Amino acid sequence: MTTLGLIGSGNIGSTVARLAIAAGLDVVLSNSRGPETLADLVAELGPRARAATADEAAAAGDIVVVTVPLRNYRQVPVAPLAGKVVIDTNNYYPDRDGTFAEVADGSTTSSELLQQHLPTSKVVKAFNNIYFAHLGQLARPIGSPDRTALPIAGDDADAKAAAAQLLDVLGYDAVDVGPLSESWRFQVNTPVYADPYASALPFWENDGAPADAAKISALLATAQR
C-alpha cells in the first residue's frame, strides 16, 4: 500500500497519520467538520498529507482507518469503501455515544455494527485499546527487541493480514484475536485496555511502556464478558 485514508482525524487518527508519514506512506485525512479545519494538521504532517472529504479519503486510501465515535458510525460512507480493508478504532462509551443495547448486552460488538453498515467492505478492529500518546511513543522498527503488540480482529483472513502488515510498517506487531465477534476481548474495561501499555497508572498520566505479543496474548486470554 502507498496511501492511507482516514475518516476521523482526532487523537487516534492524527497519531496514526503521523506514524504513517514517518513510515513513508501518503495520508488523506478527513473529519466531520470539513477539509479546511485540518489545515494546521496537514501543514504539520508535510507534503505527504492532504485533507479531503470523507468520501474522498475513503476513495483514496488503499486501506482506510475509520476513527469516529460509535454514535456516528452510520455517517461513514459506504460506496467508496466497497471492497476495501477498513480498520475500525472505535470503542463503545455510553456516556459519549448513548445506549446501544445490542453492544451493552453482549449480543454484538461495535465493530460488527460497522461491518453491518459496510457490507461490501472488510472490517478489522485495531488501535482501539491503546492510549493515543502511547501509540505515538511505542512504535519501533521491525526486529526491535522492545516491540509492542496490538490485538486485531476481523472476519476476513486476507484483510487481517493486510492490517497486520500495516501495523508492521507503522512499528507494531499484531496479535490475531479471531473474528469480529471476539473483539470484545480488547474493548474498554478488559485487561488489555490501555493499562498494559503504560509505565504506571493511571495510564493517561504516564509514559508508554512496551508490551510484547506474549504479554498481550496472555491478557486477552483472561478477558471476561
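Derivation of every value follows stated rules applied to the coordinates shown; laboratory data play no part. Fair warning: this is a prediction, and the values are worked out from it, not measured in the lab. Here Cβ is always computed from backbone atoms with ideal geometry, including for glycine, and neighbour counts include all displayed protein chains.
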Using DSSP to define loop residues, name the trypsin sites (Lys or Arg not before Pro) in the range 1-48 whose beta-carbon has at most 14 other beta-carbon atoms within 10 Å. Arg33
Say we join alpha carbon atoms closer than 10 Å with springs in a Gaussian network model of the chain; which of Gly171, Gly136, Gly34 then has the biggest fluctuation? Gly34
Quick one: among Pro69, Pro80, Pro202, which has the greatest mean-square fluctuation in a GNM of the chain with alpha-carbon springs under 10 angstrom? Pro202
Rounded, prolate or oblate: which fits the chain, taking a ≥ b ≥ c as square roots of the Cα gyration tensor eigenvalues, rounded meaning a/c under 1.5, else prolate when a/b beats b/c? rounded
